[in-house]
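Colleague: Here it is: the structure, laid out below.
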Amino acid sequence: MATFRLFLAALLLFLSCSVFSVLTANFYQDVDITWGDGRAKILDNGQLLTLSLDRYSGSGFQSRNQHLFGRFDVQMKLVAGDSAGTVATFYLSSQGNTHDEIDFEFLGNLSGDPYVLHTNLYSQGKGDREQQFYLWFDPTKDFHTYSVLWNPSHIVFYVDGTPIREFKNRETSTGVAYPKSQTMRAYGSLWDADDWATRGGLVKTDWSKAPFTAAYRNFTADGCVSWGGNGGTSATSCANAAAGSNAWMRQELDSNGTERLKWVRTNYMIYDYCTDWRRFPRGVPPECNASD
């Protein structure tokens, strides 16, 4: 009887959490279009997904699987020409008021001006961790790869394999919550945010240029896939199962990655919440001063 119970427990653990790589890069299999009333389209036998925006609505999709930790990649070609007021996104998020979230947001521009890559992190419902960058290429001319590495030690944002931002797990030393127990889906969207997106909302969306279109391809998620919902035992089990055999679970920045990170932040960062003393007159958030 004890043997049967052990077998049943192992079977339930397997059903609640399985670790595998989602490498098909087929949008028909990997995502659901969640809004847009036909403005989102899957093309080329599932190899391409386009999102469009007009004055009535944008559009978006979400991954079918929920993950706890992993490596997430997508290639995007952003809205070309005058894209002021528009925001194209690729991000991870859980659900609820105390949700976790990891954001790539691309803020549109007037034709000829650079895109702003806006990044943010939420842990236990607390965000306000914005960092912004210019890109060192035109993201509308071709597809480029945007990636998130998320493991128990840190979160790293990558552009074409170059790290641009690292958020370390300093929960023990600072008390700042780190995303580690809520499973997240991957999302993409294209929407109108002309109240803030371009020059703080000074430049509005020119609807005569609509519809605006952004394209996605080669979405992959290599991580722990959980069917147990957000948080709880299934998420913990998922993390434990992933720990043994997956490189992303233990991946750190090597010396070259650290140097590339410094290069981007020195040459292309245009905003860092950790240096915004006007916004935080009583002192920047505690994770900003951590040195470990």
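Each value in this text was obtained by applying a stated rule to the coordinates, not by laboratory testing. Predicted model only: the values in this text are computed from it and were never measured. Counting neighbours? That spans all protein chains shown, and the Cβs are built from the backbone with ideal geometry, glycine included.
Colleague: Which order do peptides 199-208, 102-111, 166-175, 64-73 fall in by mean Cβ count within 10 Å, highest first?
Modeller: 64-73, 102-111, 166-175, 199-208
Colleague: Hey, if you put +1 on the Cβ of every Lys and Arg and -1 on every Asp and Glu Cβ in the stretch 16-289, which of Q124, L107, Y91 ends up farthest toward the positive end of that dipole?
Modeller: Of the options given, the answer is Q124.
Colleague: Does the stretch 16-289 come out rounded, prolate or oblate by the C-alpha gyration tensor, with a ≥ b ≥ c the root eigenvalues, rounded set by a/c under 1.5 and, if not, prolate when a/b is larger than b/c and oblate if not?
Modeller: Oblate, because a/c is 1.5 or more while a/b does not exceed b/c.
Colleague: I've got another one for you. Mean shadow of the stretch 111-178, computed from the convex hull of its alpha carbons, in nm²?
Modeller: 5.6 nm²
Colleague: Taking amide hydrogens as modeled 1.01 Å from N in the peptide plane, which residues meet the under 5 Å criterion relative to V116, leaving out close sequence neighbours?
Modeller: L107
Colleague: In whole Hz, what ³J(HN,Hα) sequence does the stretch 193-202 give by Karplus (6.51, -1.76, 1.60; θ = phi - 60°), x for Gly and Pro?
Modeller: 9, 6, 7, 8, 5, 10, 6, x, x, 5
Colleague: List the lysines whose Cα sits under 17 Å from the Cα of K41, skipping any in the same chain fewer than 8 residues away.
Modeller: List returned: K77.
Colleague: Sort the following peptides by mean Cβ neighbour count (other Cβ atoms within 10 Å, averaged over residues), highest first: 82-93, 126-137, 258-269.
Modeller: Going by the mean number of other Cβ atoms within 10 Å, highest first, we get 82-93, 126-137, 258-269.
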